[in-house]
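Heads up, the thing below is written out as structure tokens.
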Amino acid sequence: MVTLGCARNEVDSEELAGRLTAGGWDLVDADENADVVLVNTCGFVESAKKDSVDTLLAASDTGAKVVAVGCLAQRYGKELADQLPEANAVLGFDHYPELSDRLDDVLAGKSIASHTPGDRRTLLPITPVQRPKAAEDVIVPGHGWIPRTRLDDGPVAALKIASGCDRRCTFCAIPAFRGSFVSRTPEEILNEAAWLASQGAREVFLVSENSTSYGKDLGDVRLLESLLPKLAAVPGLDRVRVSYLQPAETRPGLVHAIATTPGVADYFDLSFQHSSETVLRRMKRFGSTDSFLDLCTQIRGLAPKAGIRTNFIVGFPGETEADVAELERFLTGARLDAVGVFGYSDEDGTAAADLDGKLDQDTIDERVARISSLVEELTAQRAEDRIGDEVIVLVERLEDDEDDLAGRAAHQAPEVDGECVFTSSDIDIDEIEVGDLVRCRVEAAEGVDLCVRALEILPRQPR
């Protein structure tokens, strides 16, 4: 199995692995001779699509049967199958419950009709509160209790709390192929968190397309605020992290819950995308430089050392130099910890593809380079501000032969926000194991990475 894309896809892959294991299939390492290579694709932006196609082609070179699932397969279905005959099957979400049987068919040389794409938003009622019952008849990956097969033994695990999105951002096609917003029940989430803890997870990373909408279809828009303390109390878990927050929906109560609940990382993954009010309106989003700065001030008033990360799209149709200057004003004032900068590109089926005011590629590239340079400088300064602070590091990497010991503090999410590298210690470094929480002091910074001194191994929570 090969997984591409975001943490939500990682959850889906573990669900699929669980289904296949129950169906008699064995998951093998990449260097073993597999009968079938299952590629969980990403279809978010053009570069992700290319990576998915390249991975499918590489898988076909192994001589194994190749099956495409995931977002690219769901989004394009038969079109992908017609253009990529190297894939023996292109399966959508509706195939997931019978995936084991479908792989049996592939191995037997049977032809499987490719997924036919459609707008998944039409599968559920427009009104969120009418969805819970209707969703029982719609296949939503990651919902229901399907015993997962963990694909790594690391101390961090993604945990899906919802799927889909009701927003209509003009640059995004995700709602069309992921569907309308549907929350998982608190009981289901808590049970899976307890299971993940029993499998060795010390941190759960809550994922969805829009975590700030959690609970609105269950009749309680503040449900995440009450769920977080319960998750933090799950035996064996030491850290709960929330991701994918929409700034315009981030209520004061949710900010307070994330910033002050023991066991919840004071970490805010806020999808700003831009700060110019004019650009945001063309994106069909809400907010402004000043309102976003106020939100950052609110967060740091409760948790001065909180981590704030985001992504920006630069070169959106109609963006002017004044809009870029507004984004620079926000970046300079916000003191963000980690930032992704992306140049705008047209996406199939999005409203932005038909907007006027398209910028030439040279202008987009220049603005991406300019904003990226500013981001690199400002995030490095933010990391340097942490020198002298104490942080609690969850150890994730330990390679004895390379003397390589590293992990993440509360303000650093997996893979995207830098890490803490152990460069000195007041304790016996040989006693530190992957999965330990270690109290450390920050002694230096290298970009967004921190160099830390180990002070104390903290006791593990009982399971």
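The values are calculated or read from the model by the stated rules, or taken from the named source; none is laboratory data. Model, not experiment: these values are computed from the prediction. Here the Cβ is made from the backbone with ideal geometry for all residues, glycine too, and neighbour counts use every protein chain on show. Quick note on the areas: whole protein, heavy atoms, side chains included, nothing else; ligands and nucleic acids left out. Shrake-Rupley method; radii C 1.70, N 1.55, O 1.52, S 1.80 Å.
Could you go through segment 114-129 in sequence order and give the Karplus-derived ³J(HN,Hα) for each residue, using 6.51 cos²θ - 1.76 cosθ + 1.60 with θ = phi - 60°, rounded to whole Hz, and x for Gly and Pro?
5, 4, 9, x, x, 6, 5, 5, 7, 7, 10, x, 5, 6, x, 5
Excluding the sites themselves, what is the longest stretch of the chain that contains no GluC sites (Glu not before Pro) in a DSSP loop with at most 15 other C-beta atoms within 10 Å?
No qualifying site falls inside 87-414, the longest such stretch.
Counting only residues 5 or more places away or on other chains, whose amide H sits under 5 Å from the amide H of Asn311 once H atoms are built in the peptide plane?
Phe272, Gln273, Gly340
Rounded to the nearest 10 Å², what accessible area does Cys296 have for a 1.4 Å probe in the complete protein model?
Ignoring ligands and nucleic acids, Cys296 comes out at about 10 Å².
Would you tell me the accessible area of Trp145, worked out with a 1.4 angstrom probe on the heavy atoms of the protein chains, in Å² to the nearest 10?
Roll a 1.4 Å probe over it and Trp145 shows about 120 Å².
Taking +1 at the Cβ of each Lys and Arg and -1 at the Cβ of each Asp and Glu, which of Val368, Ala338, Ala351 sits farthest along the dipole of segment 330-390 towards its positive end, judged by Cα position relative to the Cα centre?
Ala338
Taking only the C-alpha atoms, wrap a convex hull around segment 199-351 and report its volume per residue in Å³ as a whole number.
Output value, Cα hull per residue: 135 Å³.
So for the chain, what are the equivalent ellipsoid semi-axes in whole Å, largest first, each being the square root of 5 times an eigenvalue of the Cα gyration tensor?
Gyration-tensor ellipsoid for the chain: 33, 29, 23 Å.
Return, for the Cα atoms of segment 1-132, the radius of gyration and Dmax in Å, separated by a comma.
Calculated on Cα positions, Rg and Dmax stand at 14.8, 48 Å.
Explain nothing, just compute: Karplus ³J(HN,Hα) = 6.51 cos²θ - 1.76 cosθ + 1.60, θ = phi - 60°, for every residue of segment 412-420 in order, whole Hz, x for Gly and Pro.
Coupling constants for segment 412-420: 10, 8, x, 6, 10, 10, x, 8, 9 Hz.
What percent do you get for the relative contact order of the chain when only Cα pairs under 8 Å and 6+ apart count?
Working: 927 pairs, mean separation 47.0, N = 463.
It comes to 10 percent, rounded to a whole number.
Lys and Arg at +1, Asp and Glu at -1: add these up for the other residues within a Cβ distance under 15 Å of Ala113 and post the number. List each step's numbers first, then the result.
Numbers: positive: Lys78, Arg102, Lys110; negative: Glu79, Asp82, Asp94, Glu98, Asp101, Asp105.
With Lys, Arg at +1 and Asp, Glu at -1, the neighbours total -3.
Please calculate how many Å² of accessible area the chain carries per residue, with a 1.4 Å probe and no DNA, RNA or ligand atoms counted.
Per residue, the chain has 42 Å² of solvent-accessible surface.
Could you pull out every residue, at least 5 positions away or on a different chain, whose amide H is within less than 5 Å of the one on Lys358? Hs are placed 1.01 Å off N in the peptide plane, and Pro or chain starts have none.
Gly318
Please report, largest first and rounded to whole Å, the three semi-axes of the ellipsoid equivalent to segment 1-69, where each semi-axis is the square root of five times an eigenvalue of the C-alpha gyration tensor.
Here the semi-axes work out to 20, 16, 8 Å.
Of the cross-linked pairs Lys160/Lys284; Lys133/Lys160; Lys50/Lys78; Lys65/Lys110, which ones have a Cα-Cα span greater than 21 Å in the structure shown? Show your work: numbers first, answer last.
Numbers: Lys160/Lys284 26 Å; Lys133/Lys160 19 Å; Lys50/Lys78 17 Å; Lys65/Lys110 12 Å.
With Cα atoms farther than 21 Å apart: Lys160/Lys284.
Return the sequence-ordered ³J(HN,Hα) values of segment 242-251 in whole Hz as given by the Karplus equation 6.51 cos²θ - 1.76 cosθ + 1.60 applied to θ = phi - 60°, using x for Gly and Pro.
9, 10, 6, 9, 8, x, 5, 9, 7, 7
For segment 284-325, which chymotrypsin sites (Phe, Trp or Tyr not before Pro) are in a loop by DSSP, counting at most 16 other Cβ atoms within 10 Å?
Filter output for segment 284-325: Phe286.
Report the Cα centroid-to-centroid distance between segment 132-160 and segment 161-236 in angstrom, as an integer.
10 Å
Give the cross-link partners of Lys230 among the aspartates and glutamates, using a straight C-alpha distance below 18 Å as the criterion and excluding same-chain residues fewer than 8 apart.
Glu187, Glu188, Glu192, Glu203, Asp220, Asp238, Asp266
What residues qualify as long-range amide H neighbours of Thr170, i.e. H under 5 Å apart, gap of 5 or more or another chain, H built at 1.01 Å from N?
Amide H neighbours of Thr170: Lys284.
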